[in-house]
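Reviewing the structure listed below.
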Amino acid sequence: MAINWTEAQIEEVIASVIKNLNGGVAPAAKNSWDGSQYNGKRYIGVYADMNDAIDAATAGYKAVRAMSLEEREKVIAVIRDLCRKEAPTMAQLGVAETKMGRVAHKTAKHILVADKTPGTADIVAQVKTGDYGLTLTEMAPFGVVGSITPSTNPSETVICNSIGMIAAGNGVVFNPHPNAIATSNYAVDLINRASAMAGGPNVLVASVIKPTLDTAQIMYKHPNIRLLVCTGGPGVVRSVLSSGKKAIGAGAGNPPVIVDDTANIAKAGKDIIDGCSFDDNLPCIAEKEVFAFRNIADELISEMQKNGAYKITKEQAAKLADIVLVDVKNPKTGIVKKTVSRECVGRDAAVLLEKIGVRVGSDIRCIICETEFDHPFVQHELMMPILPIVRVNNIDEAIDLAVKAEHGNRHTAHMHSKNIDNLTRFARAVETTIFVKNAPSYAGIGFGGEGHTTFTIAGPTGEGLTSARSFTRYRRCVLSESFRII
Ligand code: NAD
């Protein structure tokens with residue numbers, strides 16, 4: 001016999017089923033999220049207290065230690081699978097929660113993480129044999145890793161770090177960015193669901209419902225945390241490096257681009273706009289300022305305009321600078337400093353242009369303007385699709401200014417040129433972790449370029465593009481007088 005239920009009755013039944021599954025907690029309204037749930041589905045492995053999260057991650061570490069490499073790889077394979085399937089959900093949630101970036105690009109970033117983050121194959125033992133026998137060096141886990149993650153690539157960083165850290169045999173506890181808790185904790189939940197599906201523990205990695213600087217401090221001081229990995233701006237990198245623990249710091253950049261007069265200008269114009277506008281310029285590797293040879297600058301600007309760039313005047317640039325950079329007073333020192341407005345980071349070009357009274361269509365993805373070297377657009381890491389272009393007379397001037405604009409971060413730099421001497425000179429002078437030649441910036445993290453991907457690029461501490469092996473400690477085992485078979 002058919003039952004003719006009303007819509008309200010059906011919703012009531014669904015709500016009571018979810019409530020039961022949630023251990024008595026009523027489901028939230030659709031499109032609701034916080035650090036503990038998304039659309040009423042409670043996250044697994046996310047705790048109110050950082051100490052409980054560390055305990056759970058410690059249990060996760062013990063479980064990983066007991067797994068064979070094959071079992072770890074099974075968990076990682078399911079993480080990759082879920083990351084691919086749920087990429088659009090995480091991208092939408094990330095944009096909705098942080099109000100930054102673009103859904104299509106965030107989806108692509110998750111798929112990149114799923115496809116190109118190295119797993120256990122990255123851990124390779126070394127052997128030395130000689131007159132005295134055989135010495136084996138193995139890459140061992142640290143234990144529980146404390147990971148601080150940014151708002152700019154929140155779930156991407158959680159999943160990428162988790163794959164590498166689990167592959168290396170570690171447990172992980174996260175202190176995510178306060179502006180991206182729901183998105184980051186969605187990724188924590190995804191890792192734990194993958195673990196359970198692959199026969200691993202129900203809680204493999206952990207996080208907190210309300211991460212703060214205080215919860216980070218608990219993490220820094222807890223005896224179970226053996227390694228800190230920090231992905232973020234200069235303040236937080238400085239804080240982990242002064243924690244007294246072994247730390248990996250992946251900090252800020254301000255990637256310059258040089259375009260000389262041997263470059264394929266049409267390609268350079270398109271590549272630079274593609275890279276600069278990707279996820280509204282949130283990736284730390286994205287093009288932030290251009291130094292163009294004077295004799296090709298007009299052509300380069302015209303090629304950029306053919307590819308979705310909108311050129312503003314000097315006056316409009318000054319007006320926009322007053323909006324995207326705000327005065328912030330340091331409460332300790334009282335010193336007022338120009339700081340990038342959080343209201344503008346990762347916003348679409350059209351949204352930023354509207355703030356100065358310019359209306360454009362959705363085809364416009366980047367704002368360009370001609371400036372002098374000392375313009376704030378050149379000097380500040382804006383993380384929004386605004387690209388200043390400085391005309392230079394020759395390669396000496398280009399390298400000198402580009403190195404200065406990078407501010408010694410030694411993060412990322414780009415160049416479009418066919419002159420091998422110029423390319424080599426700039427690469428040597430700028431000393432960045434990533435140097436991309438004749439391609440959009442994202443080629444440097446394996447998107448249309450060779451090599452693995454990561455969203456934790458550790459320039460300050462030297463691990464470079466981190467992968468599983470970055471989260472290991474070297475251990476030596478010596479066998480004397482045997483096992484050399486030649
Ligand atoms: P952010 O610096 O605002 O915050 C990063 C994280 O640190 C957050 O979890 C925040 O709450 C926390 N935090 C901040 N100060 C802290 C402190 N003193 N102690 C403990 N925790 C603290 O970063 P964001 O705005 O999300 O990201 C943007 C910055 O991060 C940019 O500078 C960007 O270049 C950089 N970044 C670097 C990489 C890399 O791989 N090198 C990757 C992504 C982002």
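The values are calculated or read from the model by the stated rules, or taken from the named source; none is laboratory data. Computed from a prediction, not measured in an experiment: that's the story for all the values here. A quick note on method: Cβ atoms are made from the backbone with ideal geometry, for glycine too, and the neighbour counts reach across all protein chains shown. The area values use the complete protein model at the heavy-atom level, side chains included, leaving out ligands, DNA and RNA. Shrake-Rupley method; radii C 1.70, N 1.55, O 1.52, S 1.80 Å.
Of the accessible area of segment 256-450, with the probe set at 1.4 angstrom, what percent is carbon plus sulfur? If you can, show how the numbers build up before the last one.
Values: 4040 of 8340 Å².
Using a 1.4 Å probe with all protein chains present, segment 256-450 comes out at 49 percent carbon and sulfur.
Under the classification rounded if a/c is under 1.5, otherwise prolate if a/b is larger than b/c and oblate if not, where does the chain fall, given a ≥ b ≥ c as square roots of the Cα gyration tensor eigenvalues?
Working: a/c = 1.90, a/b = 1.21, b/c = 1.57.
Oblate is the answer for the chain, as a/c is 1.5 or above yet b/c matches or exceeds a/b.
Taking 0.36 nm per residue of separation and subtracting the Cα-Cα distance, what length does fully extending E71 through R475 add?
Working: separation 404, 0.36 × 404 = 145.44 nm, distance 2.26 nm.
Full extension from E71 to R475 adds 143.2 nm.
Which percent of the accessible area of segment 67-114 is formed by carbon and sulfur heavy atoms (probe 1.4 angstrom)?
Values: 1130 of 1950 Å².
Taking all protein chains in place, segment 67-114 shows 58 percent carbon and sulfur surface.
Full extension from I335 to A125: what is 0.36 nm times the residue separation minus their Cα-Cα distance, to one decimal in nm? Show your work: numbers first, answer last.
Working: separation 210, 0.36 × 210 = 75.60 nm, distance 5.09 nm.
So the chain would gain 70.5 nm between I335 and A125.
Could you work out Rg/(2.2 N^0.38 Å) for segment 256-450, with Rg from alpha carbons only? Present the calculation step by step, with values, prior to reporting the outcome.
Numbers: Rg = 16.0 Å, N = 195, 2.2 N^0.38 = 16.3 Å.
For segment 256-450, the normalised Cα radius of gyration is 0.98.
Going by accessible area, probe 1.4 Å, with all protein chains left in place, what is the ranking of R193, R410, largest first?
Working: R193 55, R410 120 Å².
Largest accessible area first, the residues go R410, R193.
Round to the nearest 10 and report in Å² the accessible area of T212, as given by a 1.4 Å probe over the protein chains' heavy atoms.
About 50 Å², rounded to the nearest 10.
If I ignore ligands, DNA and RNA and count only protein heavy atoms, how much of D374 is accessible to a 1.4 Å probe, in Å² to the nearest 10?
Accessible area, nearest 10 Å²: 120 Å².
First measure r as the distance between the Cβ atoms of Q305 and D374, then evaluate 1/(1 + (r/R0)^6) with R0 = 25 Å and state the FRET efficiency to the nearest 0.05. Spell out each step's value before the answer.
On the way: r = 25 Å, r/R0 = 1.01.
About 0.50, to the nearest 0.05.
What does the accessible area per residue of segment 375-486 come to in Å², with a 1.4 Å probe and no ligands, DNA or RNA counted?
Values: 5280 Å² over 112 residues.
I get 47 Å² per residue for this part.
Let me spell out the model: positive unit charges on the Cβ of Lys and Arg, negative unit charges on the Cβ of Asp and Glu, origin at the Cα centre of the chain. What dipole size does that give, in debye rounded to 20? The partial results should precede the final answer.
Details: 53 positive and 51 negative charges, 203 e Å.
That gives the chain a dipole magnitude of about 980 debye.
Can you give me the relative contact order of segment 256-450 as a percent, contacts being Cα pairs under 8 Å and 6 or more apart?
So the answer I get is 31 percent.
Compute the FRET efficiency between K210 and I111 as 1/(1 + (r/R0)^6), taking r as their Cβ-Cβ distance and R0 = 30 Å, and round to the nearest 0.05.
On the way: r = 30 Å, r/R0 = 1.00.
So the FRET efficiency works out to roughly 0.50.
Residue separation times 0.36 nm, minus the C-alpha to C-alpha distance between D34 and V360: what's the value? Don't skip to the end; give the middle numbers.
Working: separation 326, 0.36 × 326 = 117.36 nm, distance 3.39 nm.
Extending this stretch completely gives an extra 114.0 nm.
About its Cα centre, how strong a charge dipole does segment 47-185 have in debye, to the nearest 20, once Lys and Arg get +1 and Asp and Glu get -1 at the Cβ? Could you put the intermediate results ahead of the total?
Values: 13 positive and 14 negative charges, 95 e Å.
Taking the Cα centre of segment 47-185 as origin, the dipole is about 460 debye.
Kindly provide the GluC sites (Glu not before Pro) of segment 324-392 that DSSP labels as loop, not H, G, I, E or B, and whose Cβ sees at most 12 other Cβ atoms within 10 Å.
Working: sites: E343, E354, E370, E372, E381; in loops: E343, E372, E381.
Here the sparse-neighbourhood loop sites are E343, E372.
Would you check the accessible area of H380, probe 1.4 Å, heavy atoms only, in square angstrom rounded to 10?
Its accessible surface works out to 50 Å², give or take rounding.
How much mean residue ellipticity at 222 nm does the chain get from its helices, if each DSSP H run of length 4 or more adds -39500 (n - 2.57) and you divide by all residues, to the nearest 500 deg cm²/dmol? Can you show the working numbers first?
Working: 16 runs with 190 residues, N = 486.
After summing the helix terms and dividing by the residues of the chain, the value is -12000 deg cm²/dmol.
List the lysines whose Cα lies under 22 Å from the Cα of K267, skipping any in the same chain that are fewer than 8 positions away.
Those lysines meeting the cut-off are K288, K306, K311, K418, K437.
Report, in listed order, any pair from K85/K270; K128/K221; K74/K116; K41/K74 with a Cα-Cα distance greater than 27 Å. Show your work: numbers first, answer last.
Numbers: K85/K270 30 Å; K128/K221 38 Å; K74/K116 16 Å; K41/K74 25 Å.
Pairs exceeding the cut-off: K85/K270; K128/K221.
If contacts are Cα pairs under 8 angstrom and at least 6 residues apart, what is the relative contact order of the chain in percent? Write down the numbers at each step before the final one.
Numbers: 1062 pairs, mean separation 92.0, N = 486.
Relative contact order for the chain comes out at 19 percent.
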